[in-house]
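This report concerns only the one structure given below.
The values are calculated or read from the model by the stated rules, or taken from the named source; none is laboratory data. It should be emphasised that the depicted structure is a prediction, and the values quoted were computed from it without experimental measurement. In this analysis, Cβ positions are derived from the backbone assuming ideal geometry, glycine residues included, and neighbour counts consider all displayed protein chains.
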């Protein structure tokens with residue numbers, strides 16, 4: 001056999017093994033969803049859907065956002081990422097999805113949700129990663145994507161940044177409704 005063909009085969013095999021090993025944590029230790037909750041009346045015209053996984057950091061960010069919107073005319077529904085497929089995204093003015101970077105990408109449920117709603121511009125995606133520098137490489141220009149590390153000291157800062165982005169998205173969406 002040709003040596004370059006053998007080298008190519010070994011390289012492809014190594015890439016396959018690397019890819020599989022990056023997915024092992026997702027398979028072995030799947031992330032859990034937050035508890036479903038609501039703030040304000042579902043009859044309100046402005047509606048925010050928050051989908052998140054559990055972690056002390058994400059739970060505190062969700063809590064801060066719920067507190068922020070509690071005295072505003074905004075209905076907030078909090079669900080887990082796995083429940084995204086059950087929701088009609090067009091029922092919401094803005095959708096915030098909070099998940100972790102897994103194998104250098106967004107979770108499959110997040111990708112499926114966004115790909116299933118390619119013309120919906122009210123998405124904000126917040127991905128946590130080790131140092132907080134990885135940004136979701138989603139292919140929709142209209143998405144508002146940010147990243148951060150799960151550092152408890154930055155809960156207030158990230159919550160405020162998310163609220164600012166969500167408010168901007170809801171204001172933009174109000175023009176199209």
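Residues checked against (1) modelled with pLDDT under 90; (2) not in a helix (DSSP H, G or I):
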| position | (1), (2) |
| --- | --- |
| 8 | yes, no |
| 16 | yes, no |
| 21 | yes, no |
| 27 | yes, no |
| 44 | no, yes |
| 60 | no, no |
| 65 | no, no |
| 79 | no, yes |
| 83 | no, no |
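Going through the range 59-84 one residue at a time, which ones are under 23 Å from residue 108 (Cβ atoms) and out of contact with any helix residue (DSSP H, G or I) (no Cβ under 7 Å at 6 or more places or on another chain)?
First, the residues of the range 59-84 that are under 23 Å from residue 108 (Cβ atoms): 59, 61-62, 77-84.
Selection gives 59, 62, 77, 79, 80, 83.
Please count how many residues of the range 39-61 are buried (at least 17 other Cβ atoms within 10 Å of the Cβ), touching a strand residue (DSSP E or B) at 6+ places or on another chain (Cβ under 6 Å) and farther than 13 Å from residue 95 by Cα.
4
Can you give me the number of residues within the range 46-58 that are outside any helix (DSSP H, G or I) and touching a helix residue (DSSP H, G or I) at 6+ places or on another chain (Cβ under 8 Å)?
8
Only residues that are more than 23 Å from residue 168 (Cα to Cα), modelled with pLDDT under 90 and not in a strand (DSSP E or B): list them for the range 86-110, please.
Initially, the range 86-110 is screened for residues more than 23 Å from residue 168 (Cα to Cα), giving 86, 100-109.
If we keep only those that are modelled with pLDDT under 90 as well, we get 100-109.
Those that are more than 23 Å from residue 168 (Cα to Cα), modelled with pLDDT under 90 and not in a strand (DSSP E or B): 101, 103, 104, 106, 107, 108, 109.
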